[in-house]
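Shown next, in structure tokens, is the structure this report addresses.
Rule-based calculations on the coordinates, nothing more; no lab input. Here the structure is a predicted model, which is why all the values come from computation and not from measurement. Positions of Cβ are backbone-derived with ideal geometry, glycine not excepted, and every protein chain shown enters the neighbour counts.
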Amino acid sequence: TVLVDVPAVADYPPQISAAVYWSCVEALSSSSPGSEATVSVLVADGAIVFEVAVAGRHPAARLDRLRDRIEALDGRLSVENEDLGSRVQGWLPLSR
């Protein structure tokens, strides 16, 4: 089960939309089968912020791809691995 909380109307630059979408897909793909996940996206202070919380840990190779994708657009990515799951948080400026 995935709970998604994303603004209904969003007109972001295409490269930002694609980076957020594929980063969320990548983060979700490592969740345990049958587990719950949450995806949140919001705009704050001229940036788009996303968070994906899943059961399971993220393999290092996938995190490198996520980080490369976000940092290529002057963004930041953080990952918190916990006993019951992990949380991926990204931040991307809407103007460069």
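Find how much the distance from residue 29 to residue 17 grows on full extension, using 0.36 nm per residue of separation minus their present alpha carbon separation; answer in nm with one decimal.
2.5 nm
Between residue 85 and residues 5 or more places away or on another chain, which pairs have amide H atoms under 5 Å apart, with H built 1.01 Å from N, and which residues are they?
56
On a 0 to 90 degree scale, rounded to 10, what angle separates helix 14-28 from the longest Cα axis of the chain?
The angle comes out at about 10 degrees.
Using the basic label-point model (7 angstrom from Cα toward the beta carbon), what is the residue 55 to residue 87 distance in nanometres?
1.9 nm
Helix-only mean residue ellipticity at 222 nm, the chain, DSSP H runs n ≥ 4 weighted -39,500 (n - 2.57), per residue, nearest 500. What is it?
-9000 deg cm²/dmol
Any idea what angle helix 60-71 forms with the longest principal axis of the chain, computed on alpha-carbon atoms, 0 to 90 degrees, nearest 10?
10 degrees
Mind listing the long-range amide H neighbours of residue 48? Cut-off is under 5 Å, sequence gap 5 or more, other chains count too, H placed in the peptide plane at 1.01 Å from N.
Amide H neighbours of residue 48, under 5 Å, 5+ apart: 92, 94.
Which option, [x] 14.6, 61; [y] 12.8, 36; [z] 12.8, 39, is the value of Rg and Dmax of the Cα atoms in Å that was calculated from these coordinates?
Of the labelled values, this structure produces [z].
Taking the Cα centre of the chain as origin, work out the dipole magnitude from +1 charges on Lys and Arg Cβ and -1 charges on Asp and Glu Cβ, in debye rounded to 20.
Using only the charged Cβ atoms, the result is roughly 240 debye.
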